[in-house]
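Visitor: Attaching a single structure in structure tokens format; questions to follow.
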Amino acid sequence: MLTPMVAGGVVFPGLFLLSKNTLQRLPQLRWEEADAVIVSARLVSSVQAIMASTAGYIVSTSCKHIIDDQHWLSSAYTQFAVPYFIYDIYAMFLCHWHKHQVKGHGGDDGAAGARGSTWAVARGYLHKEFLMVLHHAAMVLVCFPLSVVWRQGKGDFFLGCMLMAEVSTPFVCLGKILIQYKQQHTLLHKVNGALMLLSFLCCRVLLFPYLYWAYGRHAGLPLLAVPLAIPAHVNLGAALLLAPQLYWFFLICRGACRLFRPRSPPPSPCQAQD
């Protein structure tokens with residue numbers, strides 16, 4: 001168990017530092033630190049998402065029996081990904097910190113002011129990203145122990161499907177980068193927004209009904225009978241995992257409405273005077 005976790009602890013922070021230093025030092029780029037940090041964090045998240053969804057696809061398609069079949073990659077990647085969630089909490093804080101500094105709120109009035117500014121930024125970060133931080137903490141403190149200990153080698157198919165939820169993450173990251181650099185008007189942003197909406201709906205929201213359907217097919221039960229046939233704590237866990245996905249999907253839909261809503265023409269000078 002220790003080897004994959006150590007590897008993850010080296011790969012994700014190492015990739016972040018490599019990307020940030022490259023963006024800052026390449027003569028053709030010479031990016032500011034804030035830009036390099038934000039883009040590098042999004043890049044690492046996208047790489048992790050591609051790795052996770054690829055591993056999930058391999059595992060889910062390899063398990064013909066959805067309960068008993070096992071694949072070595074399910075436990076190996078779960079252990080490998082644990083350091084990512086810890087690293088990403090810090091990477092998100094760095095992004096928030098640099099955005100705060102760019103807005104001119106940095107603490108440059110001495111050590112006391114800097115400490116006060118740091119605590120203010122930390123509080124703002126936790127307020128803004130509370131759900132994401134809670135999600136990451138739950139993945140490390142709850143989901144990882146359950147997947148390693150409680151499963152006892154059962155249900156690799158379901159774990160593989162859960163890993164494939166990361167398919168939407170690269171689109172989310174690209175969308176945030178485009179918004180950060182005021183590219184909302186571009187065709188790329190609109191196409192990426194549509195792909196983000198579709199992938200999030202299929203791979204995160206509809207994932208849970210699909211898992212219930214897959215179990216019902218295995219057990220010979222109709223979909224609506226599955227929640228009554230499985231333990232209550234399984235339903236509770238699924239509900240807790242689905243709830244933030246529904247909230248984030250609502251935010252994505254709201255952003256898509258603003259993106260694709262026809263803009264009203266500016267008022268004419270006569271109308272403005274009236």
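The values are calculated or read from the model by the stated rules, or taken from the named source; none is laboratory data. What you see is a predicted model; the values in this text were computed from it and never measured. As a convention, Cβ positions derive from the backbone with ideal geometry for all residues, glycine included, and neighbour counts pool all protein chains shown. All accessible areas refer to the heavy atoms of the entire protein, side chains included, with ligands and DNA or RNA removed. Shrake-Rupley method; radii C 1.70, N 1.55, O 1.52, S 1.80 Å.
Visitor: Kindly express, to the nearest 10 degrees and within the range 0 to 90, the angle between helix 111-128's C-alpha long axis and the longest C-alpha principal axis of the chain.
Guide: Taking Cα atoms only, the helix is inclined about 50 degrees.
Visitor: Taking θ = phi - 60°, what integer Hz values does the Karplus form 6.51 cos²θ - 1.76 cosθ + 1.60 yield along segment 85-99, in sequence order, with x for Gly and Pro?
Guide: Running phi through 6.51 cos²θ - 1.76 cosθ + 1.60 with θ = phi - 60° gives 5, 5, 4, 5, 4, 6, 5, 5, 5, 4, 4, 5, 4, 5, 4 Hz.
Visitor: Here's another thing I want to ask about it. For segment 1-103, which trypsin sites (Lys or Arg not before Pro) are both in a DSSP coil and crowded by at most 15 other Cβ atoms within 10 Å?
Guide: Values: sites: Lys20, Arg25, Arg30, Arg42, Lys64, Lys99, Lys103; in loops: Arg30, Lys64, Lys103.
Hits after loop and neighbour filter: Arg30, Lys64, Lys103.
Visitor: Sticking with this structure for a sec: Using each residue's phi in segment 2-16, evaluate 6.51 cos²θ - 1.76 cosθ + 1.60 at θ = phi - 60° and report the 3J(HN,Hα) Karplus result to the nearest Hz, with x for Gly and Pro.
Guide: 5, 4, x, 5, 5, 4, x, x, 8, 5, 6, x, x, 5, 4
Visitor: Taking θ as phi - 60°, what are the ³J(HN,Hα) couplings along segment 207-222 by the Karplus curve (6.51, -1.76, 1.60), each to the nearest whole Hz, with x for Gly and Pro?
Guide: The phi angles translate into 4, 5, x, 5, 5, 5, 5, 5, 5, x, 5, 5, 8, x, 10, x Hz.
Visitor: Only four residue types carry charge here, +1 at the Cβ of Lys and Arg and -1 at the Cβ of Asp and Glu. Report the dipole size of segment 108-234 about the Cα centre in Debye, rounded to the nearest 20.
Guide: Numbers: 10 positive and 5 negative charges, 39 e Å.
Result for segment 108-234 is approximately 180 debye, rounded to the nearest 20.
Visitor: Measuring with a 1.4 Å probe in the full set of protein chains, what accessible area per residue, in whole Å², belongs to segment 134-174?
Guide: Details: 1930 Å² over 41 residues.
Ligands and nucleic acids excluded, the result is 47 Å² per residue.
Visitor: R0 = 25 Å: FRET efficiency of Met132 with Asn21, Cβ-based, nearest 0.05? Mind showing how you got there, number by number?
Guide: Values: r = 26 Å, r/R0 = 1.03.
Approximately 0.45, to the nearest 0.05.
Visitor: Only Cα pairs under 8 Å and at least 6 apart count here; give the relative contact order of the chain as a rounded whole percent. Can you show the working numbers first?
Guide: Values: 259 pairs, mean separation 59.4, N = 274.
Once normalised by length, the contact order is 22 percent.
Visitor: So, one more: Full extension from Val234 to Ile67: what is 0.36 nm times the residue separation minus their Cα-Cα distance, to one decimal in nm? Working shown, then result.
Guide: Details: separation 167, 0.36 × 167 = 60.12 nm, distance 1.44 nm.
Result: 58.7 nm gained on full extension.
Visitor: Treating only the Cβ of Lys, Arg, Asp and Glu as charged (+1, +1, -1, -1), what charge dipole size does the chain show about its Cα centre? Round to the nearest 20 debye.
Guide: Details: 21 positive and 12 negative charges, 100 e Å.
Approximately 480 debye in magnitude.
Visitor: If I take every Cα pair under 8 Å that is 6 or more residues apart in segment 137-203, average their sequence separation and divide by the length, what percent do I get for the relative contact order?
Guide: 37 percent
Visitor: Also: Would you mind calculating the relative contact order of segment 143-274 from Cα pairs under 8 angstrom and at least 6 residues apart, reporting the percent as a whole number?
Guide: Numbers: 62 pairs, mean separation 31.9, N = 132.
24 percent.
Visitor: For the pair Leu223/Val6, report the inter-label distance in nm, with labels modelled 7 Å from Cα in the Cβ direction.
Guide: 4.7 nm
Visitor: Give the label of the value calculated from the structure for Rg/Rh (Cα atoms, Kirkwood Rh), choosing from (i) 1.22; (ii) 1.03; (iii) 0.96.
Guide: Derived directly from the coordinates: (ii).
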